[in-house]
1. Anything in the range 60-83 that is within 16 Å of ligand 2 (Cβ to nearest atom) and within 30 Å of His12 (Cβ to Cβ)? List them, or say none.
2. In the range 47-68, which residues are part of a loop (DSSP other than H, G, I, E, B) and within 16 Å of ligand 1 (Cβ to nearest atom)?
3. Is it true that some residue in the range 288-310 is modelled with pLDDT of 95 or more, surrounded by 18 or more Cβ atoms within 10 Å (Cβ to Cβ) and basic (Lys, Arg)?
4. Is it true that His288 is of a type outside the set (Gly, Ala, Ser) and out of contact with any Lys or Arg (no Cβ under 8 Å at 6 or more places or on another chain)?
5. Could you check the range 105-154 and list, in sequence order, the residues that are out of contact with any Lys or Arg (no Cβ under 7 Å at 6 or more places or on another chain), within 24 Å of Met191 (Cβ to Cβ) and either within 16 Å of ligand 1 (Cβ to nearest atom) or part of a loop (DSSP other than H, G, I, E, B) (or both)?
6. Would you pick out the residues in the range 33-42 that are surrounded by 24 or more Cβ atoms within 10 Å (Cβ to Cβ) and away from ligand 1 (no atom under 16 Å from the Cβ)?
7. Is it fair to say Ser290 is hydroxyl-bearing (Ser, Thr, Tyr), within 20 Å of Ser233 (Cα to Cα) and not in a helix (DSSP H, G or I)?
Amino acid sequence: MSTQQLDKRWWHNSVVYQIYPRSFNDANGDGIGDIPGIIDKLDYIAELGANVIWLSPVYQSPMDDNGYDISDYQKIAPEFGTMADMDRLIAEADKRGIKIVMDLVVNHTSDEHPWFIESRSSKDSPKRDWYIWKDPKPDGSEPNNWESFFKPKAWTLDENTGQYYLHLFSNKQPDLNWANPEVREAVYDMMHFWLKKGLGGFRMDVINMIGKPSDYPDATIFDQGVAGWEHWSNNLLVHQYLREMHDKVLKHYDVLTVGETPFTTTLDGRYYSHPDRNEISMIFQFEHVSIDREEHNAVKKPFDLVQYKEIMTRWQEDLYQKGWNSLYWSNHDQPRTVSRYGCDSAKYRVVSAKMLGTVLHMMSGTPYIYQGEEIGMTNKHFDSIDEFNDLMAKFHYQKMRDRGVSDADALAFLNDFSRDHARVPVQWNDQLNAGFTSGTPWLPVNDNYPEINAAQAVKDDDSIYHHYRRLIALRQGEQYGDVIVYGEHQLLDPQDSEVYAYIRSHKGKSLLTIANFSGNSVVRSYSGSVKQQVINNYPETVESLTEMALKPYQALVIELE
Ligand code: GLC
Ligand code: CA
């Protein structure tokens, strides 16, 4: 047995709150959330106990993908505010012990970034090689068969120069050529610019896709993800670039870095996050958010708790002392947590949301809370394709229709999985537009805001918000902090398809988490005896682990003797 211990880092017991600025809070009434609106809500986040905010992009952007298409990395989009607002946000957050983590979107820029405008202007442009330009095949078709996440093909022909450029996302998001050292230096300079302002770090957008093999081979695997992924995700190049980024930038600051990395295994997770490899702090893996759908083909699958437990346990165990986990149910690309994994009916919304929070917050890693999750916001119903805003929803709809899927079935899929669910404005109170804006919200609010809103949740000591606050306090507290953050993980009863039970143990302390994922009452027994109950989403105190009657969606944490 290894006696090696991970060095403690400040972000090990941090809790991150993610803000999607467009949908968070609008201070000036133009219907779009903004930085001053975020500043107004810092106390709300501080009282919840989160000590890091991950801010989705606020940079200048034509907003083809709501800011994930950046046209100037060192300017703030006017609809979000000014650089002075951004500096004030960093300072005001700091006063409350909160660090700001910004989104680093450097797999691609906007096609309206001056770098790309220069690059596309001629084959001899000094910036031609900053992006990925290739000649057509002899028949005029694309250089290879790669697909894009947002378009049928990953290549668009530029008539002016007769070459194709690569874009793994929309045609307005051309991929940067990381093989070019000038590109890398430009990115590193930009990172220093932000880090010198006192940022807490970066969330790195699709960072595992930056390494493109120089021979651009055809895809051969068509049944998983976007065609081409086996060539450009998690290859040796990305690790080399990240180590260089660490050496030239990150090692000079004490920051949290989290890579967004679809298609990763736990071995990849160790490569990225093992501290001795000097790459990044942690990654977002995608296995657990892929078990209830086949995203590429837009097909829904039933959520399987046994599979979920297997995935989470594998990540907990494989990275133990060898890397670091991030923990999340949702983000701006995923549907609402309680609607997807719990039950959003009036009867069970509150308990099931608390159950899901409990399961996640008792694991090892850094938890991420997506705005509105802490009050149990639900998916909104969209009646027609025209009501969606997201370019990905429109693309998936068209793909499904082309395959012969009916309008009703395509809408049903989007009503389960569209990214727009996460982007519906935050419900602050029961007033006009849920208190999000005094104007017309850019995306309509959910009708259920009179019941589900932050003002109600803060007032009600029994709310999801206060349950999350207590979970965060446990992680950051003296009594259980180390066992929650650093303890070993042991899954109980892997085949139990209704209840998730696991033990965390560290230096003689053991915590047993028991969560009923079903809407039924079930009876279970566990070995060991109760020292004390730590938290419970039902008002009762459990004293024995024998023949326990678990209520629908009940979740509790017990300190074992
Ligand atoms: C990431 C972002 C997503 C964005 C895409 C392209 O997946 O989370 O919102 O559309 O990258 O930047
Ligand atoms: Ca605004």
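1. Gly67
2. Ser56, Pro57, Val58, Ser61, Pro62, Met63, Asp64, Asp65, Asn66, Gly67, Tyr68 - these are the residues of the range 47-68 that are part of a loop (DSSP other than H, G, I, E, B) and within 16 Å of ligand 1 (Cβ to nearest atom).
3. Checking the range 288-310: at least one residue is modelled with pLDDT of 95 or more, surrounded by 18 or more Cβ atoms within 10 Å (Cβ to Cβ) and basic (Lys, Arg).
4. yes
5. Val105, Val106, Asn107, His108, Thr109, Glu112, His113, Phe116, Pro126, Lys127, Tyr131
6. Listed by number, the residues that qualify are Asp34, Ile35, Ile38.
7. yes
Every residue, every condition in (1) more than 30 Å from Asp430 (Cα to Cα); (2) crowded, with 17+ Cβ neighbours inside 10 Å; (3) not β-branched (Val, Ile, Thr), yes or no:
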site	(1), (2), (3)
Ala457	no, yes, yes
Ser463	no, yes, yes
Arg475	yes, yes, yes
Ile484	yes, yes, no
Gly487	yes, yes, yes
Val499	yes, yes, no
Leu512	yes, yes, yes
Thr541	yes, no, no
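The values are calculated or read from the model by the stated rules, or taken from the named source; none is laboratory data. All values reported here derive from a predicted model rather than from experimental measurement. Heads up, the Cβs are rebuilt from the backbone with ideal geometry, glycines too, and the neighbour counts pull from every protein chain shown.
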